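Peer 1: So that we are looking at the same thing, I have put the structure below in structure tokens.
Nothing in this text is a laboratory measurement; each read-out follows from the coordinates by a stated rule. Predicted model only: the values in this text are computed from it and were never measured. Ideal geometry is used to build each Cβ from the backbone, glycine not excepted, and the neighbour counts take in all protein chains shown.
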Amino acid sequence: MSNKFIAAAMIAAGIIAAPVVAQADDTGLMVRARAVYVTFDNSQNQGLGDTAVALGGHEISANDRLIPEVDFSWFFTKNIAAELVLTYPQTVNIQLDNTYIGKIKALPPSLVLQYHFTDFGAFKPYVGLGVNYTLFSSRDNIIAGAAGQATVENSSVGMVGQIGFDYMFTKSLGLNFDVKYIQMETDVVLKASGTKVGALGLNPITTGVGLTYKF
């Protein structure tokens, strides 16, 4: 076998392998750790329908809070990724007319499909759409005024919309800014009778800042 043939074969193999290597560099795992401020919408509690009647026209709301968050994104291509968003169970304080009446705990993982824009150098914006599943616990800690003790459903499923960006200082390390809108609602039920008296519409907007690491 001639040296020219070997050289030609090596060049051809390099040409064939180059797109595969480039694609491999574009795929893989990205991890982000964020500090996130959760702003509860509480919009469905304006008037509250049956709940307002059951609670004498009063309003239930949830307190905004700061939480830690971590997510794991897997890049299938340089543009398409799936992100799993996690935190530990968070305590949500419940108020009746701005007076504390109890608390629930919420564990709200989300799974989001993202599109990443890659034509802006170190600045890498993205958009995402997915689903949130929130598991509520410590649900029997709400005293609903004259109506007695209340509880909420044990889970909620809703859509998630997301926008954000990574600004990469190096190939691996960057700064992340992220905003999500999460549909999150749970029915309010009187514990003694099991009667549904309305819904607690949380629907948070989460605004987060943190660090990005791409493996």
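Peer 1: At 0.36 nm per residue, minus the direct Cα-Cα distance, what do Asp64 and Leu111 gain on full extension? Give it in nm, one decimal, please.
Peer 2: Using 0.36 nm per residue and subtracting the Cα-Cα distance, I get 14.7 nm.
Peer 1: If you don't mind, another one. As an exercise, use a Förster radius of 41 Å and the Cβ-Cβ distance of Thr195 and Ser172 to find the FRET efficiency, rounded to the nearest 0.05.
Peer 2: It comes to 0.15.
Peer 1: With each pseudo-label sitting 7 Å past Cα toward Cβ, what's the Asp26-Ala82 distance in nm, one decimal?
Peer 2: Simple spin-label model gives 1.9 nm for this pair.
Peer 1: Near Lys191, which lysines are there with a Cα under 29 Å away, not counting those fewer than 8 places off in the same chain?
Peer 2: Qualifying lysines at Cα under 29 Å: Lys103, Lys105.
Peer 1: Under 29 Å Cα to Cα from Lys124, which lysines show up? Leave out anything in the same chain fewer than 8 places away.
Peer 2: Within the straight-line limit of under 29 Å, Lys124 reaches these lysines: Lys78, Lys171, Lys180, Lys214.
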